[in-house]
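The values are calculated or read from the model by the stated rules, or taken from the named source; none is laboratory data. Fair warning: this is a prediction, and the values are worked out from it, not measured in the lab. As a convention, Cβ positions derive from the backbone with ideal geometry for all residues, glycine included, and neighbour counts pool all protein chains shown.
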Amino acid sequence: MAATTVSKVPNFHDMLPDAIMSNIFSLVTDTRTRNAMSLVCLKWCKLERSTRKSLALRGNIRDLNQVPVCFQAINNLDLSCLSPWGHPLLESSSNPSLLAKLLSHAFPSVVSLTIYARSPLTLHFLAPEWPKLSHVKLVRWHQRFNAPIGYDFFALFEHCPSLSSIDLSHFYCWTEDLPTAFELYPSIAASLSHLNLLVGHSFTEGYKSHELLSITSACPNLSQLLATCVFDHRFLGFVGDETLLSIASNCPRLSLLHLADSTALSSNSSRADPNKNDEGYASEDARISPTALGDFFESLPLLEELVLDVGNNVRDTWPALELLNSKCPRLKSLKLGQLHGICREIDSSMPAAGVALWKGLESLSIKNSADLTDSALIAISLGCSNLTKFEVQGCNKITKMGMQIFARVLQKTLVDVRISSCKYLNTVCSLQALEPIRDRIQRLHVDCVWESVEQYSQDHEIRGEKEASLKKKAKCCDGSGNGFSSCSDTWTKLKYLSLWIAAGELLNPIRLAGLENCPILEEIQIKVVGDCRNQQKPVFMAEFGLNSLVNYPQLSRMHFDCGDAIGFALTAPRGYADLSLWERFYLNGIENLNLKELNYWPPQDMDVHQRSLSLPAAGLLSQCRSLRKLFIHGTANEHFMSFFLKIPTLRDVQLREDYYPAPENDTTSEMRVDSCYRFQDALNRRHIPD
Amino acid sequence: MADYNNRGEFLLEALNVRVVGQGQSIIVFSHGFGSDQSVWSRVIPSFTRAYRVISFDLMCSGSCDPTNYDFQRYATLDGYVDDLLSFLDALEIDRCAFVGHSVSAMIGLLAAIHRPNLFSRLILIGGSPRFTNDGNYIGGIDPAHMEEVFRRMESNYESWVAGFVPMALGADVPDMALQEFSRTLFSMRPDIALHVARTAFAADLRHVLGLIRVPVCIIQSSVDLSVPPAVAEYMRRHLGGPTVLEFLPTHGHLPHVSSPAPVANAIQQLLRRRF
């Protein structure tokens, strides 16, 4: 008996029936975990492949005929990242319909598709293969293909009757295209429940009022609508009271509504908004009255998430917002841009009014509200007691005091805060204001404005000495009750940090400013904005200061966006620095960070519309020896791409020119890189998804 | 490597040769070292309606596959001349106008010596028979300063070979003329860049200028610190065929990038000119 029990090792496969294994596998969504599972044994590999629901295809278009057929259960397929990025998917091949059939044969159950539709032909071949499509996201950063109005959508609408969700937020087309297509396919329009038309400023000025009305009347069943539009009454087709009310009456079922002014989407480029006067008001008022706003809210009782990012002033809005509270009980998330008077002041006799009344609100974002004061902020914190996410931008009357009390009142719930472009909240003040939630906050954005950093760091040293001597006396170091709760600035739970910094400024002061210890910070986003052309050469400043991020030991993902830093690529006049010097300045030190994933936007030369990697950039990036994924949002020549082959762990590289207009002349450099990769990495042969 | 008969075909792909436009007459655009044919992108559209335009990348360009760069073949400019003539033959072109910038001007001049009947005219931008000063000859670039640039390129080469970052840039050199001129030298892989730079700066066409019978049109920026007007004058005096000198109110060594419109206009006029 002893012999039999010893030899019988419990076997996972025998213990769990297949059905249960299959269910367990279906619940795992993380790609790398799935990849690991598939390496255990053949049975697990088959099980994993047959239960994977979501796949992003990477790999070269030339190899499309080798598409894997083992992923039969895929529901959600992303074809937008095939190499070369943005290449016409099927049109360039000799037998597009065969390729389309191959794709549909490999992925028969696709209901959700993301695809780079360079021209209408892509969908012309693909849409008939997947008639059960319910969600489609189209991507196009290149110029619109020369076709009749609406033609981009005809194939899709013709062959996919179950379509209920369309995302065009990364798709460049004319604003007339979609309404025209809806007119021709009314049944599709009528069954749509989600429509995302939130396009960037560079694409278009946004949808005109009559286009919005046409779309909403064609799609009465919309529950989610996001659109860029124009609120400035000086433009044709601006959105005013009537438009808002008509939208609400056309689509009463809306639970998510984003209406953003096209200028609003680009305005986080500069800290001082040129459109605003000193008081913080835009130069023009919108044609939206608080009463109409109130009626608008009244007609949308199912609203859960609302964004009204108006580029022009709407004043005295608190009565409307009170109505919003009472008429839209499900509201969880609210973002208001350029709305003023959102909060009537706390008065000893009157209770706080306006925004400050929502217990149900979880996410609040206030942008460019010129008369938002500290007391209003405090009222909001008292009223919105369940707030987890708060964003404030461009509000020039609030100060550290208000922000600090806000944070203290909401310290049990607040985990995500963004503070930007507020005159009295520079970096040091913002970080100090958030002291009450320093050990809770998970996501943070601040602008890097370094005034008063030196003063703060001196005070900090004195405080540090006091605390050190106190520590010797007291035993407890991170005392929760007393005021010395942070002996050094430790942000215990911070996982994601976002920074805005002006071109030419250094990053080093960040530790002194108050972000000294972020033990679990894993992702950082840095946006550099400004004009490099008139600045002194960054030659004496050896480096921007990426080295200072070494203090964040868990940092593994970075978005480094210098795309709004403008300079000269090849044509710098005598005595001026060109962008290669700037890239050397910015990227110096990046090799010391243990990054696994990097998205990098090179600075651009706007005159020649060039965003391209220079020699020092290529060299510095290739020194990041732990990189697995590298995405460059710009171009790079083949000589420089070859530098990246030196990175041993690199699995995934792509040049993504996802800015409008994407360069039309595709270089063939990248296709050749992929062939190097396939040669180099046997693992990559089977299109390992992202 | 393809055999010699197919070299022309091989080059059409390796050099990213592109043919656009419709028209009887043909223009070939050839860029200077360190860039690629995209420098012509704002000039070429003016010609595609009336001409067939051919553009390509020099083998040293950053946009070409570096494994095709043969250090022996391109140790002198003859390698590039041979490439040009081979792919023009492969396209079966027997007559064209040639627009060349900087080192491509030299390549065009040499090509015109080999095949004078192929070129209806040469249009040279920022062209020079020899870049560095030599005794009384003013090429525009002081050899001692050029040594500084070479030093930096060599240090880049050593860093690159050793696996470090090639951090030196032409802009570090104090000489302002060289900063602009050498900018493009740092857009290539360090070993190729060093080799190209040595080849270009060793080239001296002064003694063969007289052999060129083809009409030559020189487009000169009024302010180009690295290829000054004296060079254009020198060429005009020594070239063997008809020569035209056209001054443009542009600045810098890459006027086709910084001010494409006047350059395109000048080229249009020079193409129509009768010789």
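Restricting the first residue to segment A:652-670 and requiring it to be surrounded by 17 or more Cβ atoms within 10 Å (Cβ to Cβ), which pairs with a second residue that is of a type in the set (Gly, Ala, Ser) and modelled with pLDDT under 70 meet a Cβ separation below 7 Å and a spacing of at least six or different chains?
A:TYR660/A:SER202
Just need a number here: residues in segment B:257-268 that are closer than 15 Å to B:SER226 by Cβ and buried (at least 24 other Cβ atoms within 10 Å of the Cβ). Write out each step before concluding.
First, pick out the residues of segment B:257-268 that are closer than 15 Å to B:SER226 by Cβ: B:257-258.
When the remaining residues are screened for being buried (at least 24 other Cβ atoms within 10 Å of the Cβ), the result is B:257.
Summing the residues that are closer than 15 Å to B:SER226 by Cβ and buried (at least 24 other Cβ atoms within 10 Å of the Cβ) in segment B:257-268 gives 1.
Looking at B:LEU178, B:LEU248 in this structure, which one is crowded, with 16+ Cβ neighbours inside 10 Å, at pLDDT below 95, touching a helix residue (DSSP H, G or I) at 6+ places or on another chain (Cβ under 7 Å) and within 14 Å of another protein chain (Cβ to nearest Cβ)? Don't jump to the end; show me each part of the working.
Details: B:LEU248 fails: within 14 Å of another protein chain (Cβ to nearest Cβ).
When all the criteria are applied, what remains is B:LEU178.
What tally of residues in segment A:523-542 results from selecting those that are at pLDDT 85 or above and either assigned to a loop (DSSP other than H, G, I, E, B) or outside the structural domain of A:ALA503 (by the TED database) (or both)? First the steps, then the outcome.
Narrowing segment A:523-542 to residues at pLDDT 85 or above: A:523-533.
Imposing the further condition that a residue be either assigned to a loop (DSSP other than H, G, I, E, B) or outside the structural domain of A:ALA503 (by the TED database) (or both) reduces the set to A:532-533.
Adding up the residues that qualify gives 2.
Quick check on my filter: what residues within segment B:40-68 are more than 16 Å from the chain's Cα centre (by Cα), within 24 Å of B:VAL257 (Cβ to Cβ) and of a type in the set (Ser, Thr, Tyr)?
Within segment B:40-68, B:SER46, B:THR48, B:TYR51 meet the criteria.
Regarding A:SER622, is this residue among the hydroxyl-bearing types (Ser, Thr, Tyr), within 20 Å of B:ARG189 (Cβ to Cβ) and surrounded by 22 or more Cβ atoms within 10 Å (Cβ to Cβ)? Quick ask: steps written out before the conclusion?
Numbers: among the hydroxyl-bearing types (Ser, Thr, Tyr): yes; within 20 Å of B:ARG189 (Cβ to Cβ): yes; surrounded by 22 or more Cβ atoms within 10 Å (Cβ to Cβ): yes.
Yes.
Does segment A:565-576 include one or more residues that are away from chain B (no Cβ under 13 Å) and crowded, with 21+ Cβ neighbours inside 10 Å? Walk me through it before giving the result.
Of segment A:565-576, the ones away from chain B (no Cβ under 13 Å) are A:565-566.
Filter again for crowded, with 21+ Cβ neighbours inside 10 Å, leaving A:565.
Within segment A:565-576, one or more residues are away from chain B (no Cβ under 13 Å) and crowded, with 21+ Cβ neighbours inside 10 Å.
If you go through segment A:598-612 one residue at a time, how many are within 11 Å of chain B (Cβ to nearest Cβ) and not β-branched (Val, Ile, Thr)?
The first filter runs over segment A:598-612 and keeps only residues within 11 Å of chain B (Cβ to nearest Cβ), leaving A:605, A:607-610, A:612.
Next, only the ones that are not β-branched (Val, Ile, Thr) stay: A:605, A:607, A:609-610, A:612.
Residues flagged as within 11 Å of chain B (Cβ to nearest Cβ) and not β-branched (Val, Ile, Thr) within segment A:598-612 amount to 5.
Kindly evaluate B:VAL223 against the criterion of being more than 19 Å from the chain's Cα centre (by Cα), modelled with pLDDT under 90 and more than 8 Å from every other protein chain (Cβ to nearest Cβ). Steps first, please.
On the way: more than 19 Å from the chain's Cα centre (by Cα): no; modelled with pLDDT under 90: yes; more than 8 Å from every other protein chain (Cβ to nearest Cβ): yes.
In short, no.
Out of A:LEU621, A:LEU615, A:LEU595, A:LEU627, I need the residue that is out of contact with any Phe, Trp or Tyr (no Cβ under 6 Å at 6 or more places or on another chain), at pLDDT 85 or above and within 11 Å of chain B (Cβ to nearest Cβ). Which one? Spell out how you get there, then give the answer.
Values: A:LEU615 fails: out of contact with any Phe, Trp or Tyr (no Cβ under 6 Å at 6 or more places or on another chain); A:LEU595 fails: within 11 Å of chain B (Cβ to nearest Cβ); A:LEU627 fails: within 11 Å of chain B (Cβ to nearest Cβ).
It is A:LEU621.
What are the residue pairs meeting all of these: first residue in segment B:58-79, first residue away from chain A (no Cβ under 14 Å) and within 19 Å of B:HIS101 (Cα to Cα), second residue modelled with pLDDT under 95 and part of a loop (DSSP other than H, G, I, E, B), Cβ atoms under 6 Å, and 6 or more apart or on different chains?
Partner pairs satisfying both residue conditions: B:LEU77/B:ALA203.
When only residues in segment B:161-173 that are within 11 Å of chain A (Cβ to nearest Cβ) and within 26 Å of the chain's Cα centre (by Cα) count, which is nearest to A:PHE643 (Cα to Cα)?
Here the answer is B:PRO166.
Counting just the residues of segment A:671-687 that are more than 30 Å from A:VAL608 (Cα to Cα) and either within 12 Å of chain B (Cβ to nearest Cβ) or surrounded by 16 or more Cβ atoms within 10 Å (Cβ to Cβ) (or both), which one comes out modelled with the highest pLDDT?
Filtering segment A:671-687 for residues more than 30 Å from A:VAL608 (Cα to Cα) gives A:675-687.
Filter once more, so that each one left must be either within 12 Å of chain B (Cβ to nearest Cβ) or surrounded by 16 or more Cβ atoms within 10 Å (Cβ to Cβ) (or both): A:675-677, A:684, A:687.
Numbers: A:SER675: 40, A:CYS676: 43, A:TYR677: 49, A:ASN684: 46, A:HIS687: 43.
For segment A:671-687, the residue satisfying everything is A:TYR677.
Every residue in segment B:34-55 that is buried (at least 18 other Cβ atoms within 10 Å of the Cβ), away from every other protein chain (no Cβ under 13 Å) and touching a Ser or Thr at 6+ places or on another chain (Cβ under 8 Å), please.
Of everything in segment B:34-55, those that are buried (at least 18 other Cβ atoms within 10 Å of the Cβ), away from every other protein chain (no Cβ under 13 Å) and touching a Ser or Thr at 6+ places or on another chain (Cβ under 8 Å) turn out to be B:TYR51, B:ARG52.
Could you list, in sequence order, the residues of segment A:229-253 that are surrounded by 16 or more Cβ atoms within 10 Å (Cβ to Cβ) and aromatic (Phe, Trp, Tyr)?
If the condition is that a residue be surrounded by 16 or more Cβ atoms within 10 Å (Cβ to Cβ) and aromatic (Phe, Trp, Tyr), then A:PHE231, A:PHE238 are the ones that fit.
Any residue in segment B:77-97 that is among the basic types (Lys, Arg), at pLDDT 95 or above and farther than 28 Å from A:LEU645 by Cβ? I'd like the intermediate steps shown before the answer.
Going through segment B:77-97, the residues among the basic types (Lys, Arg) turn out to be B:95.
Filter again for at pLDDT 95 or above, leaving B:95.
Remaining after also requiring farther than 28 Å from A:LEU645 by Cβ: B:95.
Among the residues of segment B:77-97, at least one is among the basic types (Lys, Arg), at pLDDT 95 or above and farther than 28 Å from A:LEU645 by Cβ, which makes the answer yes.
Please give the number of the condition B:GLY21 fails out of (1) within 12 Å of chain A (Cβ to nearest Cβ); (2) surrounded by fewer than 21 Cβ atoms within 10 Å (Cβ to Cβ); (3) at positive phi.
Among (1) within 12 Å of chain A (Cβ to nearest Cβ); (2) surrounded by fewer than 21 Cβ atoms within 10 Å (Cβ to Cβ); (3) at positive phi, the lone unmet condition for B:GLY21 is (1).
I'd like the full set of residues that are polar (S, T, N, Q), touching a helix residue (DSSP H, G or I) at 6+ places or on another chain (Cβ under 9 Å), surrounded by fewer than 21 Cβ atoms within 10 Å (Cβ to Cβ) and assigned to a loop (DSSP other than H, G, I, E, B), limited to segment A:354-399. Give the steps one after another, and end with the answer.
Initial filter on segment A:354-399 (polar (S, T, N, Q)): A:363, A:365, A:368-369, A:373, A:375, A:381, A:385-386, A:388, A:393, A:396, A:399.
Of the ones still in play, those that are also touching a helix residue (DSSP H, G or I) at 6+ places or on another chain (Cβ under 9 Å) are A:368-369, A:373, A:375, A:381, A:385, A:393, A:399.
Narrowing the set further to residues that are surrounded by fewer than 21 Cβ atoms within 10 Å (Cβ to Cβ) leaves A:373, A:375, A:385, A:399.
Hits for segment A:354-399 are A:THR373, A:SER385, A:THR399.
Kindly state which helices (runs of 4 or more DSSP H) lie completely within segment B:90-197 and contain at least 1 residues that are closer than 26 Å to A:ALA636 by Cβ and among the β-branched types (Val, Ile, Thr).
Values: elements: B:103-114, B:143-162, B:176-183.
Filter on segment B:90-197 gives B:103-114, B:143-162.
Given A:LEU613, A:LEU620, A:LEU598, A:LEU627, which one is closer than 17 Å to A:SER580 by Cα, assigned by the TED database to the domain that holds A:ALA572 and in contact with a strand residue (DSSP E or B) (Cβ under 8 Å, 6 or more places away or on another chain)? First the steps, then the outcome.
On the way: A:LEU620 fails: in contact with a strand residue (DSSP E or B) (Cβ under 8 Å, 6 or more places away or on another chain); A:LEU598 fails: closer than 17 Å to A:SER580 by Cα; A:LEU627 fails: closer than 17 Å to A:SER580 by Cα.
Just one listed residue meets the conditions, A:LEU613.
So B:ARG206 ticks every box in (1) within 11 Å of chain A (Cβ to nearest Cβ); (2) among the charged types (D, E, K, R); (3) surrounded by fewer than 24 Cβ atoms within 10 Å (Cβ to Cβ) but one. Which box is left unticked?
Going through the list (1) within 11 Å of chain A (Cβ to nearest Cβ); (2) among the charged types (D, E, K, R); (3) surrounded by fewer than 24 Cβ atoms within 10 Å (Cβ to Cβ), B:ARG206 breaks only (1).
Would you confirm whether or not segment A:94-109 contains a residue that is hydroxyl-bearing (Ser, Thr, Tyr), touching a helix residue (DSSP H, G or I) at 6+ places or on another chain (Cβ under 9 Å) and under 23 Å from A:PHE631 (Cβ atoms)?
From segment A:94-109, those hydroxyl-bearing (Ser, Thr, Tyr) are A:94, A:97, A:104, A:109; that's our starting set.
This time we only want the ones that are touching a helix residue (DSSP H, G or I) at 6+ places or on another chain (Cβ under 9 Å), so: A:97, A:104.
This time we only want the ones that are under 23 Å from A:PHE631 (Cβ atoms), so: none.
No, that holds for no residue.
Return the residue satisfying two criteria in turn: it lies in segment A:578-592 and is outside any helix (DSSP H, G or I) and closer than 9 Å to A:PHE544 by Cβ, and of such residues it is nearest to the other protein chains (Cβ to nearest Cβ). Show your work before the answer.
We begin by selecting, within segment A:578-592, every residue outside any helix (DSSP H, G or I); these are A:578, A:588-589.
Within this subset, residues satisfying the condition of being closer than 9 Å to A:PHE544 by Cβ are A:588-589.
Working: A:ASN588: 8, A:GLY589: 11 Å.
Within segment A:578-592, the match that is nearest to the other protein chains (Cβ to nearest Cβ) is A:ASN588.
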